[in-house]
Structure formats: C-alpha cells, structure tokens
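S.K.: Attaching a single structure in structure tokens format; questions to follow.
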Amino acid sequence: MRMRPTAPESEQHAHELRAELDELLRASRYAGQRERRLAEAIRASPDRQRPEGDLLRQLAQARTLREGLGARCRQLSDQLQALELDLRQRAQEAPQFATPEPPPLRPDIGALAQRVTALHHSGAHPETAELLTQAAARLTPTDTAHLAGILARGGPSGVSLRLARSAAQTTPELAVAVLVELREAGLAEEAAELFHAFWSYPAHTLPALLAALEHAGQLADGATLLWEWGSAPTPELTALAAGLQHAGRHCDVRTLLRQAAGRPTADLAALAIELPAPLPAALLHELAALRPPAELVRLAAALDGSQELYDHLLAALRADEARHRTTLAALRSAGLPTEPAAASRPRRGRR
C-alpha cells in the first residue's frame, strides 16, 4: 500500500514541479518561435508551390515538439494544481492546539500564472478562459490584481485583460474591489478593461454597482456610468431609472435624467410617457431648466395629448415664470395652453 507523502515531501515535490514547469514553458515558447520563423521562411520562399523538403521537415519537427511540450505542460499543471489542493486540505485538517493558528495558506499566484500561461501556449483557450473565470471569482481582490500584474508583465498577450473582464462577472462589490486594487497596482489597461465591462451590466444590477463604487470612493466612475446610460434606449433607461428610484438612489436618478435631457424631443416625450411616477415630473423639471424655449415648445406639442404630463411641464415652467417668460409666450403663440387644465376649466365656465 502506497503511503501518502508527508507535508514536507509534498512541498518539495510542488517546488520541483514548478521548476520543471517553468523550464518547459520556456522551451515551449522557443519551439513556438522557431515554428513561426520556419513558417515565415516557407512563405517567403521564391517557389512557394514546392518549398524545400528540409524546411518542411524542420517545420514538422518544431510543431511536434511544441505540441509535445504543450501536452507535458498541461500534465504538470494538473499535477501541480492537485498537489496544491492537497496541501491546502492538509492545512485545514491539521489539529488545532492552544498555540495561535497559522495564517491560512494563500494560493501560489506565481504557479497559477504559470498554469494560465501553459494552457494558453498549448492552445487550450477555452480551458484558459475557464481558469481565469475561476480565479476572478475565488481569489481576493489583492490576489487577482497580483495575478493580473504577473500576466501583464510576463504572460501571453491579452490574458491579463481577459482576467480583468472576468472580474466583471462576479458580484458588483468584488468587481469594484478588484478595480481599486488594479489601479493601486498601476495596471491602468486592466483597470480600464474592467471598468468598460461595467457598461454592459444589465439595468437591474446598476444600483448595486453604483453603491459599491460610492462605498469604494470611486464617485467619478459612477458619474461616468450614468453619463453613458443617459443615451441608452428608452426601455433600458426607463428600467434603470425605476431601479434607482426603488433603491432610494434619488441623486443618481436626477443625474441620469439630467444626462438624458440631451436626447431628441421625440425620445424625451416617449421617455416621459414610459417612466413610472413620480419620475416624469422630475424629468420635465430637468428639461424646463436645461432646454431652450423652441425645444420646450416642441416638447409641449408632443405632450399635448397627455394632460397629466403637459400639466407637469407647465408646473415646471410656471414655478419660475420670470425665467420662462419667453417659453410661455412661445406656447401662447403656438396656440398651446399656458395654464394647467384644472385652472383653465373654471375660466372657460365663467365665459
């Protein structure tokens, strides 16, 4: 019966596996470079229809070597992963004494970076993506940023950016924490990649994301997201505004509606109709403050069929008649009411 290796033996074995994996990765990179050089030499050959047999033979050998090294890298990577898992389990199963507990065994970020690199160089791109997704979900924000830094400096091109995008698939709180760590580590490209991934968040997750950004002190990021969402299609913008209102983020609602104020008049009329109460009144008050008289007249004409919305717009204008004197005069010239329906009915009755 084979005895289970002791913890020191397992640690030594893990160290040996890491060293061997590092050597194989270098050899795999060299084989890949040689394969590319030979392929370029064949393409540059004057007689491309019949390249030299020696070049073809060398290319086949280089390809075989690269594939063999890639397979061995994957094998070592799997062994190392299983061994590290066993070491973590040993640490958890160790008997507890009165002495202070040792700190939890942190994942070997360097070894993880090597596994990612090995999988990528072997052409196992789906497995690479899955490993990055798992890393983003399971590592602490600090370790995720550390892994991104290693991959950015010495890993395959673009892999650190994929890791950053994978962090966006976790919870908003974790994703924002990773964003902060990436910026503190000076990984500007990775931080930008993660932040851009926030733009694709569905509307119902935005309140939690904005709250996480606010809690982390990233207020400018929240304002930028609201600015981007101000140009979203009307159904999505309506859903986001309603979600923010429901979450009690009234300042964000006002910022969002103010950003939406630059939309075409027809879009604004449709948005006012779609928004749940009391948001239409808030939108129309923002429009009254931001849009010029000619555009407000066009908006009033578009809302003339909805008495409640039209009255909200009039209320916003009449709240500061001195400021909106020109707009009210333009409404009269266009034959549109300048008083709410409730106030105008008695006047018609007295006539």
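The values are calculated or read from the model by the stated rules, or taken from the named source; none is laboratory data. Just so we're clear, the structure is a prediction, and the values are computed from it rather than from any experiment. Note that each Cβ is placed from the backbone with ideal geometry, even for glycine, and that neighbours are counted across all protein chains shown.
S.K.: Going residue by residue through region 64-72, is there one that turns out to be at pLDDT 70 or above, in contact with a Leu (Cβ under 7 Å, 6 or more places away or on another chain) and either outside any helix (DSSP H, G or I) or within 25 Å of ILE109 (Cβ to Cβ) (or both)? I'd like the intermediate steps shown before the answer.
M.R.: Let us first name the residues in region 64-72 that are at pLDDT 70 or above, namely 64-72.
Checking the rest, the ones that are also in contact with a Leu (Cβ under 7 Å, 6 or more places away or on another chain) come to 69, 72.
Within this subset, residues satisfying the condition of being either outside any helix (DSSP H, G or I) or within 25 Å of ILE109 (Cβ to Cβ) (or both) are 69, 72.
Within region 64-72, one or more residues are at pLDDT 70 or above, in contact with a Leu (Cβ under 7 Å, 6 or more places away or on another chain) and either outside any helix (DSSP H, G or I) or within 25 Å of ILE109 (Cβ to Cβ) (or both).
S.K.: Something else about it: Looking at (1) more than 18 Å from the chain's Cα centre (by Cα); (2) in a helix (DSSP H, G or I), find the lone condition where GLY222 falls short.
M.R.: Looking at each condition in turn, GLY222 falls short on (1).
S.K.: Oh, and also: Tally the residues that are more than 27 Å from HIS246 (Cα to Cα) and buried (at least 20 other Cβ atoms within 10 Å of the Cβ), restricting the search to region 181-224.
M.R.: Taking region 181-224 as the starting set, the residues that turn out to be more than 27 Å from HIS246 (Cα to Cα) are 181-193.
Next, from what is left, pick out any that are buried (at least 20 other Cβ atoms within 10 Å of the Cβ): 181-182, 187, 190-191, 193.
The qualifying residues number 6.
S.K.: Still on this structure: Which ranges mark the helices (runs of 4 or more DSSP H) fully within region 88-199 that have 3 or more residues being within 13 Å of the chain's Cα centre (by Cα) and modelled with pLDDT under 90?
M.R.: Details: elements: 109-121, 125-138, 141-154, 159-167, 172-184, 188-198.
Answer list for region 88-199: none.
S.K.: Please find, among THR144, THR140, the residue that is of a type in the set (Ser, Thr, Tyr) and surrounded by 17 or more Cβ atoms within 10 Å (Cβ to Cβ).
M.R.: The match here is THR144.
S.K.: Also, I was wondering about something else. For residues that are closer than 14 Å to ALA27 by Cα, buried (at least 17 other Cβ atoms within 10 Å of the Cβ) and not hydrophobic (A, V, I, L, M, F, W, C), tally how many sit in region 56-73.
M.R.: Number of matching residues: 3.
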